1. Using the alpha-carbon centroid of each, what span in Å lies between region 76-107 and region 1-75?
2. Taking the mean number of other Cβ atoms within 10 Å as a proxy for protection, how do you rank 23-32, 58-67, 84-93 from highest to lowest?
3. For Val102, Val14, Val70, give the ranking by accessible area with the largest first, probe 1.4 Å.
4. Taking the chain as a Gaussian network, where each spring joins two C-alpha atoms under 10 Å apart, which residue of Arg81, Arg44, Arg98 fluctuates the most?
5. Taking the inverse of the average 1/r across all pairs of different Cα atoms in the chain, what Kirkwood radius in Å do you get?
Amino acid sequence: MLPDHVEVHRAPLVASGYTNKRDWSLPPERTRVWSGPASVQPDRSFEVRSPSRETAQRRLRVYLPHGVAVDSADRLLITGRWYEVDGAPMTWGAGNLRHVRVNAWEVEH
């Protein structure tokens, strides 16, 4: 049983100076590509403190059902907070515990 609700969102590619990049600035342009049950587990949390800035980061491990199309440039919406996909999602296709594992990352200033 997967107890958590997760949404996978994708932004359109736009041309920039030398390459294409995802444009997250326009919410109507975002597309929800998947929504459903998942398992969200804490990975780690840490802070960087300096005289000029305090930054907190959270990392999660998100286990999605096998076959969910998630990309390293996508973002996840989990309990009202936005997380970036950190690295390439990994698919485990063996046995009856097939899944897609995603590392999710959030920075708070």
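The values are calculated or read from the model by the stated rules, or taken from the named source; none is laboratory data. From a predicted model like this one, the values you see are computed outputs, not experimental measurements. With ideal geometry, Cβ positions are generated from the backbone for all residues, glycine too; neighbour counts draw on all protein chains shown. Side chains included, ligands, DNA and RNA excluded: accessible areas come from the protein's heavy atoms. Shrake-Rupley method; radii C 1.70, N 1.55, O 1.52, S 1.80 Å.
1. Between the Cα centre of region 76-107 and that of region 1-75, the gap is 8 Å.
2. Taking the mean over residues of other Cβ atoms within 10 Å, the ranking is 58-67, 84-93, 23-32.
3. So, going from the largest accessible area down, we get Val14, Val70, Val102.
4. Looking only at Arg81, Arg44, Arg98, the largest GNM fluctuation is found for Arg81.
5. Every distinct Cα pair counted, the radius reaches 15.1 Å.
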